[in-house]
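What follows is one structure encoded as structure tokens, with my remarks underneath.
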């Protein structure tokens, strides 16, 4: 599992480095590269490749789509860390982009990475039909804007120091994290021309994987160590964040994550041996809290 994850991370980073190198040399390139490379485990790309293997898709094609996903993810992290958002000074074991380059540059670097994702998906080097590329760009756009990451971050901020119901917390976390995981699960099925029912099936799996990932992140924040996590921990409680831990308590949240994991694995089992890599990734996400 770790060997495979490292390979995917290495190949994704290699593609991104080469792609950014081909860009016109502007003053924002340095801050874009800083926020994008080389950190992060590339778990979203791993999920994409795992499901791509179920449908026997080309590995290099999946790496390119994963690179676009990582651009979206990096943009969201750069913006989340801003003083007007979560005001975090450490990200992936180093200074946040706004701490290194200033707030204005961080905003613009994040914006540029967001649009770079669309450029990668529309690039002629991505050997897919134009119709498929348009559908992928449409989907990733929906996952990134007000119905996805941005909308989830808005809710996350607006829920601070308020008593929020469980279903609203889950909805917020699905938007903030689950939507991009859902894209990673839907994209391979879409490329393979699977039915609408199959797309919805994998969308639900993506939401659950994203929710599992986000809750595990919250558990790491609650009991984790800053040096090991690569970012400041024990922030959520101080800021009064609406999390399942604040609502259900630590032990009950652990039980809830176990339930989500079992639901995911049950759905994945329908694809037999081809889903073994995906199962290992889901287990890895679940065990991050330890």
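When we screen 269, 197 for residues that are modelled with pLDDT of 95 or more and surrounded by fewer than 16 Cβ atoms within 10 Å (Cβ to Cβ), the only hit is 197.
Every residue, every condition in (1) closer than 24 Å to residue 28 by Cα; (2) touching a helix residue (DSSP H, G or I) at 6+ places or on another chain (Cβ under 9 Å); (3) at pLDDT 95 or above, yes or no:
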{"site": "44", "(1), (2), (3)": "no, yes, yes"}
{"site": "47", "(1), (2), (3)": "no, yes, yes"}
{"site": "51", "(1), (2), (3)": "no, yes, yes"}
{"site": "67", "(1), (2), (3)": "yes, yes, yes"}
{"site": "79", "(1), (2), (3)": "yes, yes, yes"}
{"site": "82", "(1), (2), (3)": "yes, yes, yes"}
{"site": "93", "(1), (2), (3)": "yes, yes, no"}
{"site": "96", "(1), (2), (3)": "yes, yes, yes"}
{"site": "110", "(1), (2), (3)": "yes, yes, yes"}
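Restricting attention to the range 102-122, the residues being crowded, with 23+ Cβ neighbours inside 10 Å and within 14 Å of residue 81 (Cβ to Cβ) number 4. For residue 10, the conditions (1) surrounded by fewer than 24 Cβ atoms within 10 Å (Cβ to Cβ); (2) touching a residue at least 24 places away in the same chain (Cβ under 8 Å); (3) over 23 Å from residue 98 (Cβ atoms) all hold with the exception of (2). Checking every residue in the range 175-190 against the condition of being more than 25 Å from residue 50 (Cα to Cα), assigned to a helix (DSSP H, G or I) and under 16 Å from the mean Cα position of the chain (by Cα) gives zero matches.
On inspection, residue 72 fails the criterion of being under 30 Å from residue 191 (Cβ atoms) and either in contact with a strand residue (DSSP E or B) (Cβ under 9 Å, 6 or more places away or on another chain) or modelled with pLDDT under 95 (or both). Within the range 178-194, the set of residues being surrounded by 24 or more Cβ atoms within 10 Å (Cβ to Cβ) and free of Cβ contacts under 8 Å to residues at least 40 places away in the same chain comprises 178, 179, 182. When residue 142 is tested against (1) surrounded by fewer than 16 Cβ atoms within 10 Å (Cβ to Cβ); (2) more than 18 Å from the chain's Cα centre (by Cα), only condition (2) is not met.
The values are calculated or read from the model by the stated rules, or taken from the named source; none is laboratory data. Predicted model only: the values in this text are computed from it and were never measured. Glycine gets a Cβ as well: all are built from the backbone with ideal geometry, and neighbour counts include every protein chain shown.
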